[in-house]
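Read the structure below first, then the notes.
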Amino acid sequence: MSGSSAAELQPGDPNYVPAPRIRRPRRQRSVTESLTSIVLLLEAIVLFFVALVFFGLHTLTPAGAFGGAGLFIVVILVTIALLRFPIGMVLGWLIQVALIALGVLNPVMYVVGVGFTAFYAWCFVRGRQIDARRRAFLASSTAPEGDTP
């Protein structure tokens, strides 16, 4: 045998033991990000049914109904991924405007759009409040005992 050491072992060798993987800690999502992403995902699901309604009522052609809904859903999914950045929140609000604007095609969508926008606004505002309280709590709990004003 020609001097086999642990450094020479390869994945095919019977004595090979892979090094343990060191996982990165997951990024702590804000409450605002979590709540608004839930609303956006619900909107994406509803948009599939909206496409079915637009197709069934002959409001749009099949390509227009399903293609438009598919594009809208992709934009929503990209926005969910971007919610950690300020541009994601801006896109989220623009999606709410676009959802209300679908009322031009079917007036019921005004009601659906306003309802989702109110839900999104509540999640946005309440999430910001909870995030601010969490930051204040963490800042006060990590401060040294004598430095509190």
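The values are calculated or read from the model by the stated rules, or taken from the named source; none is laboratory data. This is a predicted model, so every value here is computed, not measured. So basically every Cβ, Gly included, is an ideal-geometry build from the backbone, and we count neighbours across all protein chains shown.
In the stretch 31-55, what residues are over 19 Å from N106 (Cα atoms) and buried (at least 17 other Cβ atoms within 10 Å of the Cβ)? Scanning the stretch 31-55 gives V31, T32, E33, L35, T36, S37, V39, L40.
Among the numbered conditions (1) exposed (fewer than 12 other Cβ atoms within 10 Å of the Cβ); (2) assigned to a helix (DSSP H, G or I), the only one that H58 does not meet is (2). Output the residues belonging to the stretch 110-133 that are closer than 17 Å to I45 by Cα and either of a type in the set (S, T, N, Q) or modelled with pLDDT under 95 (or both). Residue satisfying the conditions is T117 alone. N106 meets all of the listed conditions (1) assigned to a helix (DSSP H, G or I); (2) of a type outside the set (F, W, Y); (3) out of contact with any helix residue (DSSP H, G or I) (no Cβ under 6 Å at 6 or more places or on another chain) but one, namely (1).
Being part of a helix (DSSP H, G or I), of a type in the set (G, A, S) and out of contact with any strand residue (DSSP E or B) (no Cβ under 8 Å at 6 or more places or on another chain) is a condition met by at least one residue of the stretch 77-87. Taking the stretch 62-87, which residues are without any contact (Cβ under 8 Å) to a residue 24 or more places away in the chain and surrounded by 12 or more Cβ atoms within 10 Å (Cβ to Cβ)? Selection gives G64, A65, F66, G67, G68, A69, G70, V75, L82. Picking from residues in the stretch 97-141 that are more than 30 Å from H58 (Cβ to Cβ) and among the polar types (S, T, N, Q), the one that is surrounded by the fewest Cβ atoms within 10 Å (Cβ to Cβ) is S141. Among the residues of the stretch 11-61, count how many are within 24 Å of the chain's Cα centre (by Cα) and in contact (Cβ under 8 Å) with a residue 24 or more places away in the chain. Residues meeting the conditions: 21.
Take S4 and decide whether it is modelled with pLDDT under 95, surrounded by fewer than 14 Cβ atoms within 10 Å (Cβ to Cβ) and not β-branched (V, I, T). So S4 fits the description; yes. Residues that are within 12 Å of G127 (Cα to Cα) and either modelled with pLDDT of 95 or more or part of a loop (DSSP other than H, G, I, E, B) (or both) within the stretch 17-31 comprise R29, S30, listed in sequence order.
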